[in-house]
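Engineer: Quick one: the structure is below, questions incoming.
The numbers here are math on the coordinates, done by the rules we state, and not lab data. From a predicted model like this one, the values you see are computed outputs, not experimental measurements. Here the Cβ is made from the backbone with ideal geometry for all residues, glycine too, and neighbour counts use every protein chain on show.
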Amino acid sequence: MFYELPPTAAPIRFSDYIKSVFNNKKICVEEITGHLKKFLNVKHISFVSSGRSALTMIIKVLSKLLNDEKGEIIMPAYTCYSVAASIEKAGKSIVLCDINQDRYGYDLNRLKETITQDTLAVVVPHFCGIEANIDGVKKVIGDRKIFIIDDAAQGFGISYHGQKLGARGDVGFYSLGRGKNLTIGRGGIIVTNNEKIAEIINKYFATEDTENFEVINEYKVRHREEVVNSTKRSQYQRLLPSFAKASEDKVLRSFSAVGHPAFGGIRNDKLSKRWFYQIIDHIELLALIFFMNPFCYWFVKRMPFLKIGVTEYSTNFQTKALSMSKVSLLSNIFYKLDVYNNHRVILCKKYLDYFLDVNGIQIPKMDEDDDKGLLRFPILMEDITKRDKVLKELHRLGVGTYYPEPIHKIPQLDNYGFNRAEYQNSEYVAEHLVTLPTHPLVNEKIQLRIMDSIANIVK
């Protein structure tokens, strides 16, 4: 009763959190930016408050690049609700395309029919970290002026053909939210090798209304010294605690989300808001560290106001910079990404071998080029009744579903008038999907119990 595994987890040690509090934040930003550029093989990186913030920003930047000439974004009919919410928040129209049941990527024949002259971009999410055939999407697009957004929210650190997911499109992003490959509670990363997109990002964030829309990006890092030398000491510095008074540079960094690269002064109405969000960040991180323990997770899951495991559609989210404290934490725990993903590889290979010849269960079609460190291991169970029994009996071991309904069934999107007959694969996946845990809290004994239990139920 007092033990329950979460469906996903990337544990954070309390010592890593404490270290991040006292780190030199400027050095941490520079270090993690350099590490990520090399690790992902990208030229440009920006840190934002969440994965959905990243996607919202990307869509706005791409639209600006084409002078707002196009208004449609194509996305899978079965994927994270945040993708649809980000498109709506960016002021664009959602266009759905059905998926395939083999790898949960686009049905390319349907994608060909879905693209129009008004298509600005195609979002390509890698479901559970399974590469979604970006090469096939590129062939469908051809030489048309349509961007590919490489959505690696569930694939941070996973490779395909020697390239990292998220870095294979025109622009990509990662999520550092709760339940992802690596987590800092909330956070996102935008990456691109496209110089024009990077230039627009820098110019856009240098001029946009920074109270509502901003990012810690390379423009700010490159111009930091110029900013520090040209900005007078804030009259509000006396209000800060001692650890933030060490230098004007630290003050500016602590409040980097309240001004563009010229920083334009720190306004009093934003000061208290900034500190409020910093306090909330630390509370969330401490809660995440504590409650991810299986002996605690069962308790928080049963607190309805926390909505643990609940999937909701909402455009009510902030689009802002990632706090410097969280960038510091990311710098401290980045080394764990490969460790955690390697653990996932071991478990996923065992799932693949075990369920390969089990009747009534469909496993993903993965080849030798696939990095098998999946965030969760998805299977499709032919018998819905047996699927429901699996979910009921094994939920304490981290076995679950994913998104409860396809995108076209979200009530808030009824105004689109989606034709459900066009998304049959998406509906089938939503009804038959079961996901198995692959995270570091799952040991060999737990995995064997999960596999044997499912096999017995299916038989």
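Engineer: Express in nm, to one decimal, how much length is gained between K459 and F2 on full extension, taking 0.36 nm for each residue of separation and deducting their alpha carbon distance.
Structural biologist: Stretched fully, the K459-F2 segment lengthens by 161.5 nm.
Engineer: For Cα pairs less than 8 Å apart in space and 6+ apart in sequence, what is the mean separation divided by the residue count of segment 82-176, i.e. the relative contact order in percent?
Structural biologist: Relative contact order comes out at 21 percent.
Engineer: Here's another thing I want to ask about it. Expected output is a single nm value to one decimal: the length gained when fully extending between F22 and D367, i.e. 0.36 nm times separation in residues minus the C-alpha distance. What is it? Let's see the in-between values first.
Structural biologist: Numbers: separation 345, 0.36 × 345 = 124.20 nm, distance 4.45 nm.
In short, 119.8 nm is gained.
Engineer: Can you work out ³J(HN,Hα) from phi for every residue in segment 5-18, in order, using Karplus 6.51 cos²θ - 1.76 cosθ + 1.60 and θ = phi - 60°, giving whole Hz and x for Gly and Pro?
Structural biologist: After applying 6.51 cos²θ - 1.76 cosθ + 1.60, I find 7, x, x, 9, 6, 9, x, 10, 7, 4, 5, 5, 5, 4 Hz.
Engineer: Please identify the GluC sites (Glu not before Pro) of segment 361-459 that satisfy two criteria: DSSP loop assignment and at most 16 other Cβ atoms within 10 Å. Which are they?
Structural biologist: Counting only loop positions with at most 16 other Cβ atoms within 10 Å, the GluC sites (Glu not before Pro) in segment 361-459 are E368, E382.
Engineer: Between E431 and L108, what is the label-point separation in nm under the 7 Å Cα-to-beta-carbon projection?
Structural biologist: If labels sit at L108 and E431, their model points lie 2.8 nm apart.
Engineer: Here is a further query. For a quick check: sort I457, I12 by the number of other beta carbons within 10 angstrom, fewest at the front.
Structural biologist: I457, I12
Engineer: Further, regarding this structure: Which whole-Hz couplings ³J(HN,Hα) result when phi for each residue of segment 375-384 is put into the Karplus expression 6.51 cos²θ - 1.76 cosθ + 1.60, θ = phi - 60°, listed in order with x for Gly and Pro?
Structural biologist: 3J(HN,Hα) across segment 375-384, in whole Hz: 4, 9, 9, x, 10, 10, 9, 4, 8, 5.
Engineer: Ok, one more. How many nm is it between the label spots at I346 and N419, if each spot is 7 Å from the Cα in line with the beta carbon?
Structural biologist: 5.0 nm
Engineer: Give me D16, D98, D143, D135 sorted ascending by neighbouring Cβ count inside 10 Å, so fewest comes first.
Structural biologist: Listed from fewest to most nearby Cβ atoms, that is D143, D135, D16, D98.
Engineer: May I pose another question? Could I get the Rg over Rh figure for segment 336-458? Both from C-alpha atoms, Rh via Kirkwood, rounded to two places.
Structural biologist: Using Cα coordinates only, the ratio equals 1.01.
Engineer: Find the centroid of the Cα atoms in segment 82-145 and in segment 160-192, then give the distance between the two in whole Å.
Structural biologist: 17 Å
Engineer: Moving on to the next point. Quick check for segment 1-82: number of Lys pairs with alpha-carbon distance under 26 Å, counting only pairs 8 or more apart or on different chains?
Structural biologist: Lysine pair count for segment 1-82: 13.
Engineer: Using the count of nearby Cβ atoms within 10 Å as a rough guide to exposure, how do H343, H439 rank from fewest to most?
Structural biologist: Working: H343 17, H439 22.
The order, fewest Cβ neighbours first, is H343, H439.
Engineer: Also, quick follow-up: If I model a spin label as a point 7 Å beyond the Cα along the Cα-Cβ vector, how far apart are those points for E312 and F290 in nm?
Structural biologist: Going by the 7 Å Cα→Cβ label model, 2.3 nm.
Engineer: Among 109-119, 22-32, what's the highest-first ranking by average C-beta atoms within 10 angstrom per residue?
Structural biologist: Values: 109-119: 14.9, 22-32: 17.0.
Ranked from most to least packed, the peptides come out as 22-32, 109-119.
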